[in-house]
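Read through the structure below, which is laid out as structure tokens, and then see the notes.
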Amino acid sequence: MGDRTRANELAAEYARKGDPTGWFEVLYKESEEGKSLVPWADRGPNSGLLEFWGANRQPAYGKNALVIASGLGDDAEQLAAWGFRTTAFDISQTAIRTAGKRFPQSLVNYRVADLLQPPPEWAGKFDFVFEANTVQALPVGLRTQAIQKIASFVRPGGKLLAIVRGRAENEPLEELPWPLTRAEMNEFIRAGLAQETFEEYFDNEDPPARRFRVLYSRP
Ligand SMILES: C[S@@+](CC[C@H](N)C(=O)[O-])C[C@H]1O[C@@H](n2cnc3c(N)ncnc32)[C@H](O)[C@@H]1O
């Protein structure tokens, strides 16, 4: 994870303005212009996703996948390479445009969309939904809504894999990202999903970050 100074500045500025998701586009745009860094854009698939897939391959051919807040597209491209018919969206048009430029032969359907007001036709449509690192970038007050929306995309019998930064209940919330507690993760269950596996581990970042990797299904 790169330097988060500018991301933190912008997140604070836009929170003060009452627009807690407005800063993502600004940061991606500044990065496109070579002025700032997007700290999470490591230009490779999520290592926790690759590790999960190695041990828990899922049916992919002919199945629909959705990547939540897909950033520069690496995870979406990976799901498409595994055989999913993949849709991926982000609130930042610059992120979506950059993903399209990075992967000109892509089979992924990239869309600009807001998780909090998604296209209604996505409800209950996806066999496999992948969420990494989005909810933790949203203020606590928006999390329940964000989690309910993510859960709503999973079709009956479908799965959701969520890989997030985790936090013990007594750890303070400081600067971005704002990790989730186990109790906050339970919102996925309240949203109608069943928890299949819950893994807690430390990743290979420097310093290592606590991660929750959770597989849910919709009964
Ligand atoms: C911390 S980044 C994670 C990106 C990617 N999922 C990853 O793991 O590298 C959070 C992403 O969420 C996107 N985002 C934030 N709020 C959003 C919303 N309401 N709807 C869609 N995307 C959103 C941002 O533009 C950004 O790309």
Checklist line | Test set (1) over 20 Å from SER70 (Cβ atoms); (2) touching a helix residue (DSSP H, G or I) at 6+ places or on another chain (Cβ under 9 Å); (3) surrounded by 13 or more Cβ atoms within 10 Å (Cβ to Cβ) - ASN8 fails condition number | finding: (2)
Check: Given the conditions (1) closer than 30 Å to GLU196 by Cα; (2) assigned to a helix (DSSP H, G or I); (3) basic (Lys, Arg), which single one is not true for LYS29?
Finding: (1)
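Any residue that is touching a residue at least 60 places away in the same chain (Cβ under 8 Å) and in a helix (DSSP H, G or I) - is there at least one of those in the stretch 52-72?
Yes, some residue in the stretch 52-72 is touching a residue at least 60 places away in the same chain (Cβ under 8 Å) and in a helix (DSSP H, G or I).
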Next item on the list: Can you run down the residue pairs with Cβ atoms below 7 Å, 6 or more apart or on separate chains, where the first is in the stretch 33-49 and closer than 20 Å to PHE212 by Cα and the partner is of a type in the set (Asp, Glu) and near the ligand (Cβ under 10 Å from one of its atoms)?
Entry: GLY44/ASP74; PRO45/ASP74; PRO45/ASP75; ASN46/ASP75; LEU49/ASP75
Next item on the list: For residues that are farther than 24 Å from ALA123 by Cβ and either of a type in the set (S, T, N, Q) or in contact with a helix residue (DSSP H, G or I) (Cβ under 9 Å, 6 or more places away or on another chain) (or both), tally how many sit in the stretch 50-81.
Entry: 7
Item checked: Residue check for ALA41: among the aliphatic types (A, V, I, L, M) and either crowded, with 18+ Cβ neighbours inside 10 Å or near the ligand (Cβ under 10 Å from one of its atoms) (or both) -> yes
Next item on the list: Would you check which residues across the stretch 7-50 are modelled with pLDDT under 95, basic (Lys, Arg) and within 20 Å of the chain's Cα centre (by Cα) and list them?
Entry: ARG43
Note to self: If PRO177 meets every condition in (1) modelled with pLDDT of 95 or more; (2) under 14 Å from the mean Cα position of the chain (by Cα); (3) crowded, with 21+ Cβ neighbours inside 10 Å apart from one, which number is that one?
What the structure shows: (1)
Next item on the list: Could you grab me the full set of residues in the stretch 74-99 that are among the hydroxyl-bearing types (Ser, Thr, Tyr) and assigned to a helix (DSSP H, G or I)?
Entry: THR94, THR98
Checklist line | Members of the stretch 78-103 that are in contact with a strand residue (DSSP E or B) (Cβ under 8 Å, 6 or more places away or on another chain) and within 14 Å of the ligand (Cβ to nearest atom) | finding: LEU79, THR86, THR87, ALA88, PHE89, ASP90, ILE91, SER92, GLN93, ILE96, ALA99
Notebook entry, point to check: Take the residues of the stretch 16-26 that are of a type outside the set (A, V, I, L, M) and either assigned to a helix (DSSP H, G or I) or in contact (Cβ under 8 Å) with a residue 40 or more places away in the chain (or both): which is farthest from the ligand (Cβ to nearest atom)?
Noted result: ARG16
Next item on the list: Go through the stretch 112-140 residue by residue and tally those that are in contact (Cβ under 8 Å) with a residue 24 or more places away in the chain, closer than 27 Å to LEU37 by Cα and surrounded by fewer than 16 Cβ atoms within 10 Å (Cβ to Cβ).
Entry: 4
Checklist line | Residue within the stretch 195-209 that is small (Gly, Ala, Ser), within 16 Å of the ligand (Cβ to nearest atom) and surrounded by fewer than 21 Cβ atoms within 10 Å (Cβ to Cβ) present | finding: yes
Note to self: With the requirement that a residue be surrounded by fewer than 19 Cβ atoms within 10 Å (Cβ to Cβ) and either without any contact (Cβ under 8 Å) to a residue 40 or more places away in the chain or under 12 Å from LEU50 (Cα atoms) (or both), what does the stretch 73-95 give you?
What the structure shows: ALA81, TRP82, GLY83, ARG85
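The values are calculated or read from the model by the stated rules, or taken from the named source; none is laboratory data. Quantities reported herein were computed from a predicted structural model and do not represent experimental measurements. Heads up, the Cβs are rebuilt from the backbone with ideal geometry, glycines too, and the neighbour counts pull from every protein chain shown.
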